[in-house]
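Single-structure report; data block below.
No lab work stands behind these numbers, since they all come straight from the coordinates. The model shown is predicted, which means the values in this text are computed figures rather than measured ones. Counting neighbours? That spans all protein chains shown, and the Cβs are built from the backbone with ideal geometry, glycine included.
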Amino acid sequence: MSNESVVFQSVINKKPPQVIKAKGVYMTVVKDGKTIELLDGVTGAAVGALGAGDEEVYEIINEAAKNSFYTYPSLIGNQHSEDLAQFYIDHSPKGAFASALWCCSGSESNENALKIIRQYWLEKGNTKKIKFISRETSYHGFTLGALSISSNGRAEFLKDSLIDQEKCPKMPVCYPYRYQKEGQSEEEYTQSLLDALEKLIIDNDPETVASVTIETLPGSSLGTVPPPKGYLPGIRKLCDKYDILMHLDEVMCGTGRTNPNGGLNCWENFLEPGQFPDIQTVGKTLGSGYVTIAGVLVGPKIKKAYEAGSGAIVGSHTYASHGFNCAVALGIQKKIMREGLTKNIFEKGNRMGAILKEKLLESGEENIVGDVRGIGGFWSVELVKNKKTKEIFDKKLDVGHKMQDYCFNNGLNVMGMQGCKDNIKGEGDFFLLAPAFVVTDEDVDEIIKRVLAALKDCTEWLKSEGAF
Ligand SMILES: Cc1ncc(COP(=O)(O)O)c(C=O)c1O
């Protein structure tokens, strides 16, 4: 098999390792002619819920293929998309959502969310609300609208092509490990972030602010930082105070990966009872990698405004509400619920995080781990040169990606990243863990064993470079 690639992605002309087989939480890949067995610690980009090669999913796919027929959704619809929307509404706290739009990727879902938000205000006769507040060090996708509300190296690279950044103000990142000051309590840190957001809203004229977008639990931007106590409830209250829509991006952290009640939404960990986002984007585990599906969940307030207004949503995608994708996603979600897999990943993932914390932070061992953070099935490990001062490694060493390589060499697939400390300059190293919902205690123990072995290898390499 040649190593030359004609797929225009990642490294041009060179194939990344190619998957040839996968079952459950293991996969077989070919790299430079060698066949390698990998334990999948991150399921692509936190996508896989059921693991690979699930026999029941093949039956679901077979049935869906026979019982779904492509139509252009604005002209002729299908019941599968209705059923999937109803399922999400029914498996979320009562009153949270009233409707859903299905599309094909997380970027597309955020792109649509921005347009739904803009049209919401127009439906209410308000033409002034045009600004989308979001957060520093954030990622909402690679389409131009989604990138405009993101803050990272990719957005910086394409900055001249984005929505005018005056219309996309950014509030400070929420990142206690680095920015909660010595002696500052959690409540005080939260309040400082809320004060900064309120100032940003006021400085931008609240009458022109349409929405505030936050990743409930950030993922690829700075690695799974659980929001401090009171942070999301405080943002909800500020949105209410200034008549602004609250948009949660749960593309990576939602749909069962981090829910404490065996349900779907990550915000159920953090918002107060009766508090909901107005609009929410989801993706990834919705189709568990078997189909390309994502969505926008719309709360009753937004739905009512459209009903009282034009009654129609402007714009449509050829593959919106795709019957086959919706039928497969629904079958997968029903199986996940029936088998209690959202509960399983919450428990097993929290156990994985607790053991990593204990071994890498609390043991007092000298190592390159500054922080272990996350919740449920979504964790990250931040790598630093100095645990006490939190000094980062030289960006050129590319430690995040090196750690990914060392994990690979130890038979573990993880996602290594740079940019948690400074997402624009790409400084600060971490890697993500997001195993499939079907993981067992043995799988978790094996992930930990391989992480520890990779950390040892990475540390030896850093020592040989004189960097640790
Ligand atoms: C929070 C968040 N939003 C949106 C996206 C974009 O999703 P996609 O890559 O499916 O377009 C991602 C991708 O990682 C994400 O993490």
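Determine the relative contact order of the range 151-238: mean sequence separation of Cα pairs under 8 Å and six or more apart, normalised by residue count, in whole percent.
Details: 44 pairs, mean separation 27.6, N = 88.
Reported relative contact order: 31 percent.
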Most exposed first, judged by fewest Cβ atoms within 10 angstrom, ILE214, ILE12, ILE448 run ILE12, ILE448, ILE214
Given the candidates LEU361, ILE447, ASN413, the one whose Cα lies deepest towards the positive end of the charge dipole of the range 340-464, counting +1 at each Lys or Arg C-beta and -1 at each Asp or Glu C-beta, is LEU361
In the range 2-67, the chymotrypsin sites (Phe, Trp or Tyr not before Pro) that sit in a DSSP loop and have at most 15 other Cβ atoms within 10 Å of their own Cβ are PHE8
Per the charge dipole of the range 14-113 (beta-carbon charges, Lys/Arg positive, Asp/Glu negative, Cα centre), the residue among VAL29, TRP102, ALA64 reaching farthest to the positive end is VAL29
Mean separation of Cα contacts under 8 Å (at least 6 apart) over the residue count of the chain, i.e. the relative contact order in percent, is 21 percent
Between the modelled labels at THR318 and GLU366 (7 Å from Cα along Cα→Cβ) the distance in nm is 6.0 nm
Of the convex hull enclosing the alpha-carbon atoms of the range 148-291, the direction-averaged projected area in nm² is 9.9 nm²
With -39,500 (n - 2.57) per DSSP H segment of 4 or more residues and division by the full residue count of the chain, the 222 nm estimate, nearest 500 deg cm²/dmol, is -11000 deg cm²/dmol
Ranking ILE149, SER161, MET171 by how far each Cα lies towards the positive end of the charge dipole of the range 147-190 (+1 on Lys and Arg Cβ, -1 on Asp and Glu Cβ), the top one is SER161
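Suppose R0 equals 35 Å; then what is the FRET efficiency for SER464 and SER5 from their Cβ-Cβ distance, rounded to the nearest 0.05? List each step's numbers first, then the result.
On the way: r = 32 Å, r/R0 = 0.90.
Efficiency, from the Cβ-Cβ distance: 0.65.
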With the 8 Å Cα cutoff and a minimum separation of six or more residues, the range 8-133 has a relative contact order in percent of 11 percent
Kirkwood radius from Cα pairs of the chain plugged into Stokes-Einstein at 37 °C, 0.692 mPa s, gives D in µm²/s equal to 144 µm²/s
Each label sits 7 Å from Cα toward the beta-carbon; between SER192 and LYS124 the label points are separated, in nm, by 3.3 nm
Per DSSP, the loop-located trypsin sites (Lys or Arg not before Pro) within the range 147-205 having at most 15 other beta carbons within 10 Å are LYS181
Rounded to one decimal in nm, the spacing of the 7 Å Cα→Cβ label points at LYS303 and GLU347 is 3.3 nm
Straight-line reach check, LYS396, cutoff 21 Å on alpha carbons, 8 or more apart in-chain or any other chain, hits among lysines -> LYS385, LYS387, LYS421, LYS425, LYS456, LYS463
About its Cα centre, the chain carries a charge dipole, from +1 on Lys and Arg Cβ atoms and -1 on Asp and Glu Cβ atoms, whose size in debye to the nearest 20 is 440 debye
Inverse of <1/r> over all distinct C-alpha pairs of the range 6-111, i.e. the Kirkwood Rh in Å, gives 17.6 Å
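Treating the beta-carbon of each Lys and Arg as +1 and of each Asp and Glu as -1, no other charges, what is the dipole magnitude of the range 62-134 about its Cα centre, to the nearest 20 debye?
On the way: 8 positive and 7 negative charges, 116 e Å.
For the range 62-134, the charge dipole is close to 560 debye.
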Over all viewing directions the Cα convex hull of the range 340-464 casts an average projected area in nm² of 7.4 nm²
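When averaged across all projection directions, what area in nm² does the alpha-carbon convex hull of the range 59-337 cover? Don't skip to the end; give the middle numbers.
Values: hull surface 58.1 nm².
Averaged projected area of the range 59-337's Cα convex hull equals 14.5 nm².
For the range 379-432, run through the trypsin sites (Lys or Arg not before Pro) and keep only the ones in DSSP coil with at most 10 other Cβ atoms within 10 Å of their Cβ. Show your work: numbers first, answer last.
Details: sites: LYS385, LYS387, LYS388, LYS390, LYS395, LYS396, LYS402, LYS421, LYS425; in loops: LYS385, LYS387, LYS388, LYS390, LYS425.
Counting only loop positions with at most 10 other Cβ atoms within 10 Å, the trypsin sites (Lys or Arg not before Pro) in the range 379-432 are LYS388.
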extent check for the range 216-310: Cα max minus min per principal axis, descending, whole Å, gives 38, 34, 26
Zone reached by a paramagnetic label modelled 7 Å from LYS31 Cα along Cα→Cβ, restricted to the range 411-428 with backbone N below 14 Å, covers 411-416
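Applying 1/(1 + (r/R0)^6) with R0 = 30 Å to the Cβ-Cβ distance of LEU158 and ALA98, what FRET efficiency is obtained, to the nearest 0.05? Let's see the in-between values first.
Numbers: r = 35 Å, r/R0 = 1.15.
In this case the efficiency is close to 0.30.
What percentage of all Cα-Cα pairs in the range 321-368 are separated by more than 13 Å?
68 percent
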